[in-house]
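Only the coordinates and a few stated rules stand behind these numbers; no lab work does. Model, not experiment: these values are computed from the prediction. In this analysis, Cβ positions are derived from the backbone assuming ideal geometry, glycine residues included, and neighbour counts consider all displayed protein chains.
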Amino acid sequence: MPKSAFVAVVGRPSAGKSSLLNALCGWKVAIVSPVPQTTQNTIRGILTKPEGQLVFLDTPGYHESEKKLNKRLAELARGAIGDADIVLYVIDVCRAPGDEERLIAELVKPAASRLVVALNKIDSKDADPARALSFLHETLGGVGTATDTVDPASSRFSKDSVVEVSALFKVGTDALVDRLLELAPEGQPYYPEEFITDQDPEFRISEIIREKAINSTRDEIPHAIYVEIEESVFNETKSILRVTAFLCVERESQKGIVIGKGAKVIKKIRTEAERELDDIFPYRVRLDLSVKVKPDWRSDDTTLKRLLF
Ligand SMILES: Nc1nc2c(ncn2[C@@H]2O[C@H](COP(=O)(O)OP(=O)(O)OP(=O)(O)O)[C@@H](O)[C@H]2O)c(=O)[nH]1
Ligand SMILES: [Mg+2]
């Protein structure tokens with residue numbers, strides 16, 4: 001009997017959840033940046049192996065805050081934990097685990113029997129996996145010693161469920177997949193074998209544009225950007241998709257920064273996005289980008305409802 005499981009990928013902002021999802025799936029499914037809270041949706045990445053299928057649910061970095069956008073992002077992460085067969089908790093071993101990490105450990109604790117922990121960024125010179133292990137021992141109990149488990153009745157969360165990885169260099173990812181498949185329940189695949197994600201083309205295009213925009217700006221700008229696709233039309237032979245899109249920002253002053261002197265920044269965003277989209281799709285994607293001001297969109301319920309899912 002084959003196996004299949006939904007795996008919720010959760011952790012602090014910038015822990016490397018999306019990078020790990022991409023490394024596990026073997027393709028770029030989710031966008032990545034050094035800016036916390038890059039992921040704003042529950043992105044699905046699919047890995048099909050002879051032993052079974054794992055459907056990863058990438059989630060926004062878990063961070064509690066009173067801001068509307070952050071509240072909604074935290075809800076998405078909590079929802080994914082509830083929906084999943086397995087919870088993959090990603091810890092950045094370069095950062096000391098503070099209150100934020102403790103909050104996530106508490107959040108995943110009830111899922112201890114279906115929990116796997118990835119200690120990520122072990123390639124870094126600042127990596128301290130021993131500190132992360134002692135944090136896990138203290139918050140979830142048991143881990144770090146050969147025999148202990150969180151709860152004798154649910155004996156699955158053991159040392160075997162903690163895997164050291166580097167999403168960046170794809171180290172430890174095979175061992176992680178093996179562990180996830182071990183825990184996966186028996187079941188038929190949810191998606192055809194060739195599927196790597198269920199995102200529709202327009203969403204993927206808007207995400208790649210957003211990634212290039214986040215990585216081309218700094219300070220408060222990356223968080224103020226979202227992308228709106230106005231139109232996408234194929235040419236007659238279906239070899240080129242022409243997409244008209246808006247980079248939406250919150251304030252007039254941000255508009256100038258995203259455009260840049262001599263339109264240098266927006267040009268860079270466009271050419272980098274086009275290059276990557278040409279690798280993803282079997283046709284060429286040509287972008288017509290402009291910048292629009294949407295005052296205070298991060299507090300607007302209608303916009304948040306449309307963007308975050
Ligand atoms: N050195 C190192 N850096 C990594 C590794 N994995 C991710 N990173 C970096 O960590 C940063 C955040 O990576 P993301 O994958 O976007 O992290 P995330 O957890 O999805 O972040 P949010 O979506 O914002 O919550 C990026 O700069 C990545 O290149 C790793 O294994 N080693
Ligand atoms: Mg992410």
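Let's test this: bin the Cα-Cα distances of the stretch 169-220 at 5 Å from zero up to the farthest pair and state each bin's percent.
In order of increasing distance, the bins hold 4, 13, 11, 14, 16, 17, 14, 7, 3, 1 percent.
If a paramagnetic tag sat 7 Å from the Cα of Tyr283 along the Cα-Cβ line, which residues of the stretch 228-244 would have the backbone N under 14 Å from that point?
231-244
Along each principal axis of its Cα atoms, how long is the chain end to end? Whole angstroms, biggest number first, please.
62, 42, 38
Of Pro129, Val10, Thr302, which is farthest along the charge dipole of the chain in the positive direction, counting Lys and Arg as +1 and Asp and Glu as -1 at C-beta?
Toward the positive end, the furthest listed residue is Thr302.
Would you pull out the residues with amide H under 5 Å of Val165's amide H, same chain only if 5 or more places away, H placed 1.01 Å from N?
Leu119, Asn120, Lys121, Ile122
For the stretch 164-180, in order, what is each residue's ³J(HN,Hα) by Karplus, 6.51 cos²θ - 1.76 cosθ + 1.60 with θ = phi - 60°, in whole Hz (x at glycine and Pro)?
7, 9, 10, 5, 5, 10, 6, 9, x, 6, 5, 4, 5, 4, 4, 5, 5
Which net charge results for the neighbourhood of Leu241, defined as the other residues with beta-carbon distances under 11 angstrom from its beta-carbon, given Lys and Arg at +1 and Asp and Glu at -1?
0
For the stretch 226-241, what does the Karplus curve 6.51 cos²θ - 1.76 cosθ + 1.60, with θ = phi - 60°, yield as ³J(HN,Hα) per residue in whole Hz, taken in order and with x for Gly and Pro?
Rounded to whole hertz, the list is 9, 10, 10, 8, 8, 7, 9, 9, 7, 6, 4, 8, 6, 8, 10, 10.
Using only Cα atoms and rounding to the nearest 10 degrees, what angle (0 to 90) does helix 264-280 make with the longest principal axis of the chain?
Value to nearest ten degrees: 60.
When each pair of different Cα atoms in the stretch 201-307 is counted once in the 1/r mean, what is the Kirkwood radius in angstroms, to one decimal?
Value: 14.1 Å, from the Cα pair sum.
HN-Hα J couplings of the stretch 117-127 from phi, Karplus 6.51/-1.76/1.60, θ = phi - 60°, integer Hz, Gly and Pro as x?
Couplings: 10, 9, 8, 9, 6, 5, 6, 6, 5, 8, 5 Hz.
Just the number: Rg to Rh for the stretch 3-183, Cα atoms, Kirkwood Rh, two decimals.
That ratio equals 0.93.
Loop only by DSSP, 13 or fewer other Cβ within 10 Å of the Cβ. Give me the chymotrypsin sites (Phe, Trp or Tyr not before Pro) in the stretch 161-204 that pass, ordered by residue number.
Phe169
Helix 129-139 versus the longest principal axis of the chain: what is the Cα-based angle in degrees, 0 to 90, to the nearest 10?
Taking the Cα atoms of the chain, the angle to 129-139 is about 70 degrees.
Longest exposed-loop-site-free stretch of the chain, with GluC sites (Glu not before Pro), DSSP loop and at most 16 other Cβ within 10 Å?
Looking at the chain, 67-192 is the longest stretch - no exposed GluC sites (Glu not before Pro) with at most 16 other Cβ atoms within 10 Å.
Calculate, for Arg78 and Lys294, the FRET efficiency according to 1/(1 + (r/R0)^6) with r their C-beta to C-beta distance and R0 30 Å; round to the nearest 0.05.
0.65
Roughly speaking, what is the centre-to-centre gap between the stretch 212-247 and the stretch 270-297 when only Cα atoms are used, to the nearest Å?
3 Å
Just order 125-132, 38-45 by mean Cβ neighbour count inside 10 Å, highest at the front, would you?
38-45, 125-132
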